[in-house]
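This report refers to the structure that appears directly beneath it.
The numbers here are math on the coordinates, done by the rules we state, and not lab data. Predicted, not measured: the structure shown is a model, and the values here were computed from it. So basically every Cβ, Gly included, is an ideal-geometry build from the backbone, and we count neighbours across all protein chains shown.
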């Protein structure tokens, strides 16, 4: 999550694949865990808020966090345009910033964790930010060969599901479930097609 995302923010929502993907993500989260209308939600790496707008009808309130000012400015404009009163926007990078001073019932993040350098620290913070029996939902790339990103990238090339499950367990989560929730299909300059599966892993705070 760098200036690369600031540069793409203004046209992010113009990509129908991103819009469709966010709808699928929201549906899969709701299928795998019990979201209730009395829940406080927190999205980490929210971008322009596509995922949270799809979950908005099912949650009491959502705090949306990202460290891209460009993305957050687009999100603020969308919230104002639609007259949404149950969303708060914060610029935050949990790797260096303090945790929020409130607790949440569900934390979710999509395609953000492979941009995080110290996964264990972020997972521990997620756990601390949740109420008892709170839910964590992570959507990210299965382990890939390094060709997913079409720009210079220094983060993890996705995750093995066993590796991610251990991260959940180490952070104190139980009732861990995982499923394939989507596939990203790309064709490179050699006209070779690559399919990148995405997993949804969920867990409950002890």
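Of note:
- Remark: 78, 91 ranked as 91, 78, counting other beta-carbon atoms within 10 Å and listing the fewest first.
- Taking 24, 106, 74 and counting other C-beta atoms within 10 Å, the order from fewest to most: 24, 74, 106
- Summary of packing: across the peptides 129-141, 180-192, the per-residue average of other C-beta atoms within 10 Å ranks them, highest first, as 129-141, 180-192.
- Ranking of 36, 21 by count of other Cβ atoms within 10 Å, fewest first: 36, 21
- Zone of residue 133's modelled label, taken as backbone nitrogen in segment 15-54 under 20 Å from a point 7 Å along Cα→Cβ: 30-42
- In nm, spacing of pseudo-spin labels at residue 93 and residue 30 (7 Å Cα→C-beta vector): 3.4 nm
- Most to least packed among 109-116, 120-127, 42-49 [average Cβ atoms within 10 Å]: 42-49, 109-116, 120-127
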